[in-house]
Amino acid sequence: MGSKVTRIVFHSAGFRSLMRSQAVVADLARRGEAIAAAAGPGVGSRASVGSNRARVVVMTETDEAKTAEAADKTLTRSIGAGRG
Amino acid sequence: MAELIEPADGETAAIAYLSAVALSDPVLAGVEVVGALSSSSPGYEPGPEAVVVRLTGLAARSLAVDVHQITLTAWATSREDELRASVIFRRAAAHLLLAERVGFLAGVPCSEVRPISGYNDPDPITGRARYSGSFGVALRGVVVQ
């Protein structure tokens, strides 16, 4: 009895379009802002769209915030705020 | 009756596990493994060489399993000792990753250890060389009732 092979053809352009969509940018921006807010003053976030996908960066922007992260991992501890 | 399951104490388990392996690994000889003491705590300064273990996040994966974000900070003795800090960090990280294959972290069932980050992280207060990194460690919760 011959076996039937299921072929999956990925629609790469569709994936890329979805990952660069405004909905994904907005979701990432919301998560980035939540992490930055949890990390405290001097931490900011910036969402952008790359060639293949949207991304968000959360970063320390002041010397005080950099020191707080280096001493107490204030930003590292806040990553969970971006869940959900 | 349904079981009451609480998250395991991931930080204590990681400290116990790394403390035990440090005793038998020549690369980690003399390295203290300590808990969530902040480098800015009054009067606190890690020993000559240390790995500070901190729980920096926690998320439920399922009813029984939680992913603990464990952050390791490996301290060397001086500002110039970056290579030693890197060696301590990488060895401690390797032991932590091994817990997935062993299946346990200090007696707590461990199903996954996923590296998240690793970076040169000199202490802003003392200037001592450090390397830090975080790991997602999936641990089974504890049935308490």
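Every read-out reported here was derived from the displayed coordinates using simple, explicitly stated rules and does not represent laboratory data. This one's a predicted model, so the numbers in the text were calculated from it and none came from an experiment. Ideal geometry is used to build each Cβ from the backbone, glycine not excepted, and the neighbour counts take in all protein chains shown.
General remarks:
- For segment B:133-145, putting each phi into the Karplus relation 6.51 cos²θ - 1.76 cosθ + 1.60 with θ = phi - 60° gives couplings of x, 10, 9, x, 10, 8, 10, 6, x, 10, 6, 10, 8 Hz, in residue order, rounded to whole numbers and with x for Gly and Pro.
- A cut-off of 5 Å between modelled amide H atoms, ignoring neighbours fewer than 5 places along the same chain, links B:ASP121 with B:ARG130, B:TYR131, B:SER132.
- Protection-proxy order for peptides A:4-11, B:5-12, each taking the mean of Cβ atoms within 10 Å per residue, highest first: B:5-12, A:4-11
- Peptide B:118-125 shows a mean partner chain C-beta count of 2 within 10 Å per residue C-beta.
- Under the convention that each Lys and Arg Cβ holds +1 and each Asp and Glu Cβ holds -1, the size of the dipole of chain B around its Cα centre is about 260 debye.
- Shielding of A:68-75 by partner chains, average beta-carbon count, 10 Å: 5
- Here segment B:44-87 is scanned for amide nitrogen atoms under 17 Å from the site 7 Å beyond the Cα of A:THR67 along Cα-to-Cβ, giving B:44.
- For the protein assembly as shown, the orientation-averaged shadow of the C-alpha convex hull comes to 19.3 nm² (one quarter of the hull surface).
- Distant-in-sequence amide H partners of B:LEU58 (H built 1.01 Å from N, under 5 Å): B:GLN69
- Using θ = phi - 60° and Karplus 6.51 cos²θ - 1.76 cosθ + 1.60, couplings along segment A:27-44 (whole Hz; Gly, Pro as x): 5, 5, 4, 4, 5, x, 5, 5, 5, 4, 5, 5, 6, x, x, x, 10, x
- Ranked by the mean number of other Cβ atoms within 10 Å of their residues, highest first, the peptides B:105-111, B:118-124 fall in the order B:105-111, B:118-124.
- Per-residue mean of foreign Cβ neighbours for B:50-59 is 3 (Cβ atoms of other chains, 10 Å radius).
- Dividing the mean sequence gap of close Cα pairs (under 8 Å, 6+ apart) by how many residues chain A holds gives a relative contact order of 29 percent.
- If R0 is 22 Å, the Cβ-Cβ spacing of B:ILE125 and B:ARG90 corresponds to a FRET efficiency of close to 0.40.
- Sequence-distant residues sharing a close amide H with A:ALA54 (under 5 Å, placed H): A:ARG20
- Build a GNM of chain B with springs between Cα atoms under 10 Å apart, and of B:ALA60, B:ALA14, B:ALA85 the one that fluctuates most is B:ALA60.
- Net dipole in debye of chain A [+1 Lys, Arg Cβ; -1 Asp, Glu Cβ; about Cα centre; nearest 20]: 720
- Using the Cβ-Cβ distance between A:LEU18 and B:ARG61 with R0 set to 35 Å, the FRET efficiency works out to roughly 0.90.
- Backbone HN-Hα couplings from phi across segment B:92-108 [Karplus 6.51/-1.76/1.60, Hz, Gly and Pro as x]: 4, 4, 4, 5, 5, 5, 5, 4, 5, 6, 5, x, 9, 10, 6, x, 8
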